[in-house]
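Worksheet: the structure to be examined is printed underneath.
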Amino acid sequence: MPDLPSADRSFTSEFRVRYAETDAMAVAHHATYPVWFEVGRSDLMRELGLPYAEIEARGYYLMLSGLHVQYRRAARYDDRLRLTTRVSELRSRTLKFSYALHRLGEEGAPPELLATGETHHIATDRNYRPVRMPDDVLERLKP
């Protein structure tokens, strides 16, 4: 099994705003932020040794049950972004991820907070019935 990330179970993803993610004013569309959150969540899960494909192969889904985004500043085409994703709450059947999205400036400039958010998930079986997550999964996800 891979080494776990830092004790707070967070992971940082870096990427640029693509042209297709922007509107006519070169501003990232608000619907893109949840997609970026999914990128961060998938990266974190892989880092924890729990890729979604493996979770699903074991017969579980982590279905989205809630989403919140607090927009603070606009991301723009070609901005360099850093998304920090962490497990912020864990119960036997539910899980919450928290996100902080920053724009990376020139060398030495402090990152600028663009958005924060949360996604809430419920573990289900293949028939979409809520189930308890396996103990080894819970252990890996502990905040």
| Full-extension gain in nm, Val35 to Lys142, via 0.36 nm per residue minus C-alpha separation | 36.1 nm
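Which order do peptides 116-129, 88-101 fall in by mean Cβ count within 10 Å, highest first? Write out the running numbers ahead of the final one.
Values: 116-129: 15.1, 88-101: 18.0.
Highest-to-lowest ranking by the protection proxy: 88-101, 116-129.
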| query | Using the alpha-carbon atoms, what tilt in degrees (0 to 90, nearest 10) does helix 32-47 show relative to the longest principal axis of the chain? | reply | 50
| task | Express the relative contact order of segment 14-116 as a whole percentage, based on alpha carbon pairs under 8 Å and six or more residues apart in sequence. | result | 30
| message | Leaving out ligands and nucleic acids, and using a 1.4 Å probe, what accessible area per residue does the chain come to in Å²? | response | 57
| query | Each label point is 7 Å from the Cα along the Cα-to-Cβ direction; what then is the distance between the points at Arg76 and Leu104, in nm? | reply | 1.9
| request: Ratio to report: Rg/Rh of segment 53-108, with Cα atoms as the point set and Rh obtained by the Kirkwood method; give two decimals. | output: 1.10
| said: Between segment 20-93 and segment 120-142, how far is it from one alpha carbon centroid to the other, in angstrom? | reply: 18
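Note the full-extension length gain between Ser65 and Ser92 as 0.36 nm times their separation in residues minus their Cα-Cα distance, in nm to one decimal. Provide the component values of the computation, followed by the final result.
Values: separation 27, 0.36 × 27 = 9.72 nm, distance 1.51 nm.
My answer for the length gained is 8.2 nm.
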| said: Quick one: the Cα spread of segment 71-143 along its three principal axes, in angstroms, biggest first? | reply: 46, 23, 17
| remark: Rounded to the nearest 0.05, FRET efficiency between Asp135 and Arg18 (Cβ-Cβ, R0 41 Å) equals 0.55
| (1) 176; (2) 152; (3) 119: which one is volume of the Cα convex hull per residue in Å³ as calculated from this entry? | (3)
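The values are calculated or read from the model by the stated rules, or taken from the named source; none is laboratory data. Small disclaimer: the values here were computed from a predicted structure and weren't measured. For neighbour counting, all protein chains shown are included, and Cβ atoms are generated from backbone atoms with ideal geometry for every residue, glycine included. Ligands, DNA and RNA are stripped out before the accessible areas are found, and what is left, the full protein with its side chains, is counted by its heavy atoms. Shrake-Rupley method; radii C 1.70, N 1.55, O 1.52, S 1.80 Å.
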